[in-house]
1. May I ask you to derive the relative contact order of the chain, considering only C-alpha pairs under 8 Å and at least 6 residues apart, and to give it as an integer percent?
2. Take the Cα atoms of the range 14-119, build their convex hull, and give its volume per residue in Å³.
3. Using a Gaussian network model of the chain whose springs link C-alpha atoms within less than 10 Å, name the residue from ASP98, ASP150, ASP53 with the highest mean-square fluctuation.
4. Hey, rough spin-label estimate for THR208 and SER172, points 7 angstrom out along Cα→Cβ, what's it come to in nanometres?
5. Given the rule -39500 (n - 2.57) for each run of at least 4 DSSP H residues, summed and divided by the residues of the chain, what is its mean residue ellipticity at 222 nm, to the nearest 500 deg cm²/dmol?
6. Farthest toward the dipole's positive end in the chain, which of ALA97, ILE80, HIS217, given Cβ charges of +1 (Lys, Arg) and -1 (Asp, Glu) about the Cα centre?
7. Once you've got the GNM for the chain with C-alpha springs shorter than 10 Å, pick whichever of THR205, THR193, THR162 has the biggest mean-square fluctuation.
8. Output the Kirkwood hydrodynamic radius of the range 97-206, Cα pairs only, in Å rounded to one decimal.
Amino acid sequence: MRTRFHEDLEQLANQLHTMCLRDRAATNGLLGADLEQCERAVDICQELDGLRDQCEHTAVALLALQSPVAGELRKVVTAIQLVANLHRMGALTEHIADIARRRHPEPAVPESMRPIVARMGAAAVAMATGAAAVLASGDPDDAAQFEARDDTMDGLHRELLTAVLADDERSSKAVVVDVTLLGRYYERFADHTVEVGRRTIFMATGCTPEEWAAARHGEL
């Protein structure tokens, strides 16, 4: 029974890892006014709905049928919370692709702001890739790095808002609204990767990130 439980738990972890790696097309479609890439991003995000349901079903089955205890229970419950974070990341990605689709064949981002949005997209992809790696490894040290990465995204978000204000006279209201929303979507995406890191620390150690950091500091 315990062997079966651990096999099921590993399957759940693999499903979470797959969810985290599903998105790569939204920013490419946005910056390239590439409708095919945007449609691909939307299709991938819709696939996440099925994967989310699969993850939740697996987690509920583990709780109902395998009687997990202590650390095992913590892993299953945290995994359910992680599913919500990862699914929301997918929804934000779909919002980005939707803006690009609505503006096609025109670009959704003015030329002056494209470098900033490109950096935000690259940061989001790097954070999603890192989150997937952390889910696979369960390494709390790596999980703790997302706070610093989020600071980078926050800085880019502020830079984008400054550019929007500077360009307000030349851009239409629709463009201003779209770019402002895009900045918010990327910023929230990064916030959810931070939550993935925090939940991974708890899942691996049984401590909150603050407790774990304090304990490590006391050891040094």
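1. On the way: 273 pairs, mean separation 57.9, N = 220.
The value is 26 percent.
2. On the way: hull volume 9.2 nm³, N = 106.
In the range 14-119, the Cα hull volume divided by residue count equals 87 Å³.
3. So, out of ASP98, ASP150, ASP53, the one fluctuating most is ASP53.
4. 4.8 nm
5. Details: 9 runs with 184 residues, N = 220.
Result for the chain: -29000 deg cm²/dmol, rounded to the nearest 500.
6. Going by the Cα projections, it comes out as ILE80.
7. Ranking THR205, THR193, THR162 by mean-square fluctuation puts THR162 first.
8. Numbers: mean 1/r = 0.0670 Å⁻¹.
Computed over Cα pairs of the range 97-206, the Kirkwood hydrodynamic radius comes out at 14.9 Å.
The values are calculated or read from the model by the stated rules, or taken from the named source; none is laboratory data. Source: prediction; values computed, not measured. Virtual Cβ from ideal backbone geometry, glycine too; neighbours counted across all protein chains shown. With ligands, DNA and RNA removed, areas are computed over all heavy atoms of the protein, side chains included. Shrake-Rupley method; radii C 1.70, N 1.55, O 1.52, S 1.80 Å.
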